[in-house]
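Asks: Dropping the structure in here first, questions after.
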Amino acid sequence: DNYQTLAQITGSTIEAYDSVDVYALTGDLNDDTDTYVPDQSESDLSDSSKTRYNIRSLAIAGGAQVGNAPLTASAQGAFVSTKTRIATIALVTDSANILQASGHASDLTVQAINQITAHTDSGGVSAAITFSGSVGIAFGGAVNQYNSFNRTEALVDGSTVNASNATVSSRLAPFIENIAFGVAIAGSTSFAVGDSGADVHLNQYDSANAGV
């Protein structure tokens, strides 16, 4: 994994008088995360203008040719490749003991959440303008690739839990928006050809696991 968000209780004994929560979060803050992200309203991250996208990739190429030569040609293209490999992990492990204090009912929540937002743009714009009976050719193209290998895990492993209620859950809910565009403009008093193309690839190999 290139990046990791990890929340864990390991090799410890906790005598709980109230709830015990283990949350690992990758992605946006929202109304749901307000319950476990301290001072969310005070954080710079709560500014929607700063967190509209957690991941943003952009490539735009443009060009123009204008002339009187027998052949005026212009070709422009852009390529964007984005790959994420992020682990979001919430764990109770390594012989940890979660116990209820005498006379108290306590709950355990172990939750891993990936709700990343990503936006990628790729575009190619090309123009060829020629005069005096010449030939104008223009091509604009773009390729946009997004590959996601994220894993989201919530586990209670090799540990003892004594709780009134226990919740172990993993949530994978990313929002990914990919855009590619190609524009070609060709003009001539004789013969003009313009062609454009765009290719978008989105490959998700993400996984979400929860277990005891």
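Asks: Can you work out the FRET efficiency for the pair THR10 and SER207, with r the C-beta to C-beta distance and R0 = 22 Å, to the nearest 0.05?
Replies: 0.50
Asks: If you rank TYR3, TYR205 by how much accessible surface each has, with a 1.4 Å probe, what is the order from largest down?
Replies: Descending order: TYR3, TYR205.
Asks: Next question, about the same structure. Please compute the contact order of the chain in relative form: average sequence separation of alpha-carbon pairs under 8 Å and at least six residues apart, divided by the residue count, as a percent.
Replies: Worked out over the chain, it gives 26 percent.
Asks: I've got another one for you. Within region 54-94, find all residues whose amide N lies under 20 Å from a label point positioned 7 Å from the Cα of PHE131 along Cα-to-beta-carbon.
Replies: It comes to 64-74, nothing else.
Asks: Where only protein heavy atoms count, and the probe is 1.4 Å, what is the accessible area per residue for region 54-212 in Å²? Please report the intermediate quantities before stating the final value.
Replies: On the way: 7390 Å² over 159 residues.
In whole numbers, region 54-212 has 46 Å² accessible per residue.
Asks: Moving on. How do LEU71, LEU172, LEU108 stack up against each other in accessible area, from largest to smallest, with a 1.4 angstrom probe?
Replies: Numbers: LEU71 100, LEU172 60, LEU108 5 Å².
In descending accessible area the options line up as LEU71, LEU172, LEU108.
Asks: In the full protein assembly as shown, how much of SER169 is accessible to a 1.4 Å probe, in Å² to the nearest 10?
Replies: Number for this one is 30 Å².
Asks: Over the chain, what percent of the accessible surface lies on carbon and sulfur atoms, probe 1.4 Å? Display every interim value, and only then the final one.
Replies: Numbers: 5200 of 11140 Å².
Exposed carbon and sulfur together represent 47 percent of the surface.
Asks: Follow-up question, since we're still on this one. Could you work out the longest stretch of the chain that avoids the trypsin sites (Lys or Arg not before Pro) located in DSSP loops with at most 15 other Cβ atoms within 10 Å? Display every interim value, and only then the final one.
Replies: On the way: sites that count: LYS50, ARG52, ARG85.
Result, exposed sites excluded: 86-212.
Asks: Report the calculated FRET efficiency for SER95 and ASN147 (r = Cβ-Cβ distance, R0 = 35 Å), to the nearest 0.05.
Replies: 0.40
The values are calculated or read from the model by the stated rules, or taken from the named source; none is laboratory data. Quantities reported herein were computed from a predicted structural model and do not represent experimental measurements. Here Cβ is always computed from backbone atoms with ideal geometry, including for glycine, and neighbour counts include all displayed protein chains. Accessible surface is based on the protein model in full, side chains and every heavy atom, while ligands, DNA and RNA are left aside. Shrake-Rupley method; radii C 1.70, N 1.55, O 1.52, S 1.80 Å.
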